[in-house]
Amino acid sequence: MTRPDIFYQPAKGEKSGLPHDPFKSFVIPRPIGWISTTSKEGLDNLGPYSQFNNVSFDPPTIMFVAHQSVYKRRSKDSVVNARKTGEFVWNMATYDTREAVNASALETWDDEFPIAGVTKAPSQVVKPPRVAESPVTFECKTHSVIRIQGDSLVGHSDIVIGRVVAIHIKGEYITTDGLFDVLKAAPLARLGYHQYTAITHVFDMKMPFMPDDNVSGNTLGGETGDSDAILYKTMDPRSEDDRRLEERGRAKIASAEKTEAGNDAAGEEFRTAHI
Ligand SMILES: Cc1cc2nc3c(=O)[nH]c(=O)nc-3n(C[C@H](O)[C@H](O)[C@H](O)COP(=O)(O)O)c2cc1C
């Protein structure tokens, strides 16, 4: 029997009525910030944070969010270290490293690298070591830490924002076309409850009117010096009205082409990895 729809207002202290709070199972999949830091005293730390994402690409900037440690009754070590030393490292979590990722989620005072059984690789610009088993790692300088007050001790959280100052990509994860081989890496992501997923399916879809030579974000990623001019037309001398007219014309053509081509366009094709 289908359950009735649910509506509840957390701001009023209301609950879903389900056996488990479903909130974390909706904003999914969440990539994992597998964060390494080094304390002021020189002790290394490693831990996964699924409240993680990039916040900008020019310059590359990322963030992770750590809830306050109930165990230690203060911000987690990753936050304390990133704040005090101004440095942290992001390591890509993958399907192959999933057990180590999980094993590193300890609120211990000790170094989680040996506990998780992963190897330290030296960083070049910052002090915290990188996870040698990760296909991609970012060396970061802490940009800012924002404290969000919660409704409980565990609810308080710290948003750590970092500038990515150096990037390591293992050659074996770069395709012959020069793209990052997502299916080979199978990045790990968190769902709700105790559920995870790994990227095993990929399909392409271009933004409307994207130039043909723009492969999945090269232009967006700012790899070409004139990306702003191409994408946002900031250098286009025509008036906004003229550009709007041109855009509507192109939209008409695109929609006619789509109808002709039918729905099984090549871009809809799934590429699949078997892990
Ligand atoms: C996959 C995974 C994702 C996690 N995501 C978060 C998170 O987003 N925020 C958080 O506070 N704790 C998260 N945890 C728990 C932390 O990893 C754990 O508390 C942390 O490693 C404590 O480390 P520290 O005190 O040494 O910094 C997660 C655990 C796992 C296994």
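For a quick check: sort Tyr95, Tyr49, Tyr71 by the number of other beta carbons within 10 angstrom, fewest at the front.
Working: Tyr95 18, Tyr49 24, Tyr71 11.
So the ranking, lowest neighbour count to highest, is Tyr71, Tyr95, Tyr49.
Any idea which of Gly150, Val101, Leu191 is furthest toward the positive side of the dipole for the chain, if Lys and Arg beta-carbons carry +1 and Asp and Glu beta-carbons -1?
Of the listed residues, the answer is Gly150.
Return the sequence-ordered ³J(HN,Hα) values of the range 179-186 in whole Hz as given by the Karplus equation 6.51 cos²θ - 1.76 cosθ + 1.60 applied to θ = phi - 60°, using x for Gly and Pro.
With the stated coefficients, the range 179-186 comes to 9, 6, 7, 4, 5, 6, 6, 6 Hz.
Amide H to amide H under 5 Å from Tyr95: which residues, 5+ apart in sequence or cross-chain, H placed 1.01 Å off N in plane?
The answer is Leu188.
Using a Gaussian network model of the chain whose springs link C-alpha atoms within less than 10 Å, name the residue from Asn91, Asn54, Asn45 with the highest mean-square fluctuation.
Among Asn91, Asn54, Asn45, the largest mean-square fluctuation in the Gaussian network model of the chain belongs to Asn54.
Where Rh denotes the Kirkwood radius from the mean inverse Cα pair distance, what is Rg over Rh for the chain? Intermediate results must be reported in sequence, preceding the final value.
On the way: Rg = 22.2 Å, Rh = 21.7 Å.
Reported Rg/Rh (Cα atoms, Kirkwood Rh): 1.03.
When the chain is modelled as a GNM with alpha-carbon springs shorter than 10 Å, which of His201, His67, His20 fluctuates the most?
Evaluated over the chain, the most mobile residue of the options is His20.
For helix 240-261, what angle does its Cα long axis make with the longest principal axis of the chain, in degrees from 0 to 90 and rounded to 10?
Roughly 90 degrees between the two axes.
If contacts are Cα pairs under 8 angstrom and at least 6 residues apart, what is the relative contact order of the chain in percent?
Values: 486 pairs, mean separation 49.5, N = 275.
Once divided by the residue count of the chain, the mean separation gives 18 percent.
Can you compute the helix-only [θ] at 222 nm over the chain? Use -39500 (n - 2.57) per DSSP H run of at least 4 residues, normalise by all residues, nearest 500 deg cm²/dmol. Walk me through the numbers on the way to the answer.
Numbers: 6 runs with 52 residues, N = 275.
Counting only the DSSP helices, I get -5500 deg cm²/dmol.
Taken together, the values in this text are just the output of simple stated rules run on the coordinates, not laboratory data. If you're wondering where the values come from, they're calculated on a predicted model, not measured in any experiment. Glycine also receives a Cβ, built like all others from the backbone with ideal geometry; neighbour counts cover every protein chain displayed.
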